[in-house]
Amino acid sequence: GINVKPMPFKFFMSIQSRFIQRSLSNTDYLYRLAKENYHLPENKTEEFIRNYQLLTRGNYEAIGYEIMDFRLDESYAVIKRPILFVAGDQESSGILQSLKVAPKIIQGAETAKIPDAQHIWPVQMPHSFNHVLKEWVSKN
């Protein structure tokens, strides 16, 4: 996700990463996550669980801290290529705010808000994701 401001609450990262690490050994939980949250087909569930279990605490925290520090600012005004920002309408307020700010910073940037979609909408709604992307690519 792209945020307009750095995300607060970095002190929760170590607690969150411990929770994630504990869940990695719980294959029942990971199976439910794959089916109920990501809506993965049965033939992709085992691979999802294997890949998810590869996530170390250090890697999770490194990714998390990088995401928390990232922000969309004026330095991105140098982008002169077509760019599309897409988010689900149930996304965090920071990411939804980036949909408003991006076109003001990046000339020609386009945005789209997907109805009834959460953060992981490209996985949960792959047909919608492909449709949005194909439509945008064909225009650009």
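Bear in mind that the values in this text are calculations on the coordinates, not laboratory data. Predicted model, so just to flag it, every value in this text is computed and none were measured. For neighbour counting, all protein chains shown are included, and Cβ atoms are generated from backbone atoms with ideal geometry for every residue, glycine included.
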Of the residues that make up segment 67-80, is at least one without any contact (Cβ under 8 Å) to a residue 60 or more places away in the chain and touching a Phe, Trp or Tyr at 6+ places or on another chain (Cβ under 9 Å)? no
Checklist (1) under 16 Å from the mean Cα position of the chain (by Cα); (2) within 25 Å of PHE11 (Cα to Cα); (3) not aliphatic (A, V, I, L, M) applied to GLY58, failing item: (1)
